[in-house]
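Trainee: Here it is: the structure, laid out below.
The values are calculated or read from the model by the stated rules, or taken from the named source; none is laboratory data. Note that the structure is a prediction, hence the values are computed from the model and not measured. So basically every Cβ, Gly included, is an ideal-geometry build from the backbone, and we count neighbours across all protein chains shown.
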Amino acid sequence: MESTFSVFFQMGSSIITGELWITETRFEEGAYIAPEFEGNFTDFYLSRCTFEPIDSNIQVYDDFSQSDLIPRTQLRLNLFGDVDQMFIEENDFLANEEDQIIYVEGDFDYMAVSDNIFESHFYPANTVAKQLTFLGNEVSADLIFADLILQGKNNIIHWRELEGFKLASSIAISTILTEQLEAFGLEASDRENVFSQTSDLIFIPYRGKTAEEFEDLDTFQGLISSYYRIYKVFKENGQIEDANQTYVEMKDVQLRQLEYNYKKYGGLENIIQWRLNLLLRFYTDYGTNPSKAIKISIYVVLIFSVFYFFFPSEWDTKSKKQLIADYNVLVEKNEHGYFKPSLRLSIGFGKSLLNAITLSLNSFVTLGFGTIPITALARYVCILQGFIGWFLLSVFTASLINQVLF
């Protein structure tokens with residue numbers, strides 16, 4: 001039977017010696033659930049519940065953002081004691097244009113978060129000793145995994161549910177009920193109302209996108225660490241494609257910071273780091289995709305081949321002149337028709353193009369010529385291509401080794 005709480009729901013100071021089930025319940029003004037578990041077989045189930053958005057009317061000034069912050073803790077689970085299994089399944093955490101927060105604390109052996117709708121930020125700040133399962137969730141808000149500790153090696157997660165820059169950290173998390181409320185522009189009489197809307201939590205999701213965020217290096221590192229911990233989970237599970245995609249998105253976040261550092265501080269080193277990472281992203285997806293490097297290398301060789309085609313070289317001393325002569329024969333009227341001249345022209349064109357491709361390939365892979373078999377402007381282009389080929393092939397080799405030794 002479905003229950004509805006139209007006011008803030010609070011459950012604390014309760015002792016649970018077995019299982020606690022909260023199912024098919026609608027919470028319209030948020031909930032604070034903080035029981036203490038005792039015993040050997042203690043489980044918590046939150047299943048098929050709906051959490052409506054909290055419409056807060058409390059404004060709290062925050063020094064970091066220099067703006068009014070309206071925190072809304074839609075659900076806070078503070079599960080004390082020894083919890084064997086913790087399940088959050090088939091729930092709807094709904095949000096409006098205002099941020100909503102689901103915050104989880106505790107130490108669990110097993111934690112399963114499955115088939116939920118997360119329109120609200122999900123912030124698990126807990127320890128999972130054996131296994132985390134995160135499957136089948138529809139996520140349209142932030143996943144704040146900065147304080148999630150995974151001690152087991154059999155966690156069940158797929159990147160498709162996390163991708164799209166959903167991973168976040170938190171700039172600040174603090175308590176306001178233990179502080180002077182006056183410092184936040186509030187009266188003592190607001191204490192109960194503040195708790196019903198914040199559950200004593202204030203933090204700002206950190207996504208690594210704004211100038212203020214890039215200046216906060218410690219929190220930025222926390223965001224990168226969140227990606228890296230998920231990356232390690234995939235590596236331990238042998239989820240090669242998931243691990244590669246996680247790494248690429250993590251490096252994309254770092255790329256934003258490198259771009260900011262150059263635009264804010266300038267400098268040769270900053271621009272080299274930014275542009276070098278842009279190249280690595282384009283060429284090999286930061287070393288995770290050697291096949292992409294081969295494809296791009298083929299394009300580079302062909303582009304330079306087109307350039308060399310219009311320049312004479314020691315490898316192609318006759319075909320250019322013969323090609324011009326065959327063309328002149330083709331365009332002139334003659335008693336032999338056009339088939340043979342066209343065939344002769346096509347063969348000559350193929351030979352000349354093959355010579356140009358061979359020259360380009362030799363230059364790209366830096367096999368060496370003895371002397372450069374081309375003159376004028378093309379000689380310097382050939383030298384430039386040799387440098388490009390040396391660099392790109394070095395990156396390709398490192399990328400290939402990285403994937404072989406994964």
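Trainee: State yes or no: is F214 over 26 Å from V83 (Cα atoms) and modelled with pLDDT under 95?
Mentor: yes
Trainee: In addition: Just a yes or no: is a residue in the stretch 109-117 in the same structural domain as S170 (by TED's automatic domain parsing), modelled with pLDDT under 95 and more than 27 Å from the chain's Cα centre (by Cα)?
Mentor: Scanning the stretch 109-117, I find at least one residue that is in the same structural domain as S170 (by TED's automatic domain parsing), modelled with pLDDT under 95 and more than 27 Å from the chain's Cα centre (by Cα), so the answer is yes.
Trainee: R281 passes all but one of (1) within 15 Å of the chain's Cα centre (by Cα); (2) crowded, with 16+ Cβ neighbours inside 10 Å; which number fails?
Mentor: Checking R281 against (1) within 15 Å of the chain's Cα centre (by Cα); (2) crowded, with 16+ Cβ neighbours inside 10 Å, the one that fails is (2).
Trainee: Go through Y262, Y247, Y227 for me and flag whichever is more than 21 Å from A168 (Cβ to Cβ), outside the structural domain of L359 (by TED's automatic domain parsing) and among the hydroxyl-bearing types (S, T, Y).
Mentor: Y262
Trainee: A follow-up question, please. Whether any residue in the stretch 249-256 is in contact with a Phe, Trp or Tyr (Cβ under 8 Å, 6 or more places away or on another chain), among the basic types (K, R) and under 21 Å from S399 (Cα atoms) is what I want to check.
Mentor: Scanning the stretch 249-256 turns up at least one residue that is in contact with a Phe, Trp or Tyr (Cβ under 8 Å, 6 or more places away or on another chain), among the basic types (K, R) and under 21 Å from S399 (Cα atoms).
Trainee: Working only within the stretch 34-51, note down all residues that are surrounded by 20 or more Cβ atoms within 10 Å (Cβ to Cβ) and either among the hydrophobic types (A, V, I, L, M, F, W, C) or under 19 Å from V7 (Cα atoms) (or both).
Mentor: The answer is F37, F44, L46, C49, F51.
Trainee: Do you know which residues across the stretch 83-110 are of a type outside the set (A, V, I, L, M, F, W, C) and over 22 Å from I156 (Cα atoms)?
Mentor: Passing the criteria: N96, E97, E98, D99, Q100.
Trainee: Restricting attention to the stretch 136-155, which residues are of a type outside the set (D, E) and either without any contact (Cβ under 8 Å) to a residue 24 or more places away in the chain or surrounded by fewer than 14 Cβ atoms within 10 Å (Cβ to Cβ) (or both)?
Mentor: Scanning the stretch 136-155 gives G136, S140, I149, Q151, K153, N154.
Trainee: Which one of I176, I202 is touching a Ser or Thr at 6+ places or on another chain (Cβ under 7 Å), at pLDDT below 75 and in the same structural domain as H121 (by TED's automatic domain parsing)?
Mentor: I176
Trainee: Any idea how many residues of the stretch 85-118 are outside any strand (DSSP E or B) and either touching a Pro at 6+ places or on another chain (Cβ under 8 Å) or under 16 Å from T198 (Cβ atoms) (or both)?
Mentor: 6
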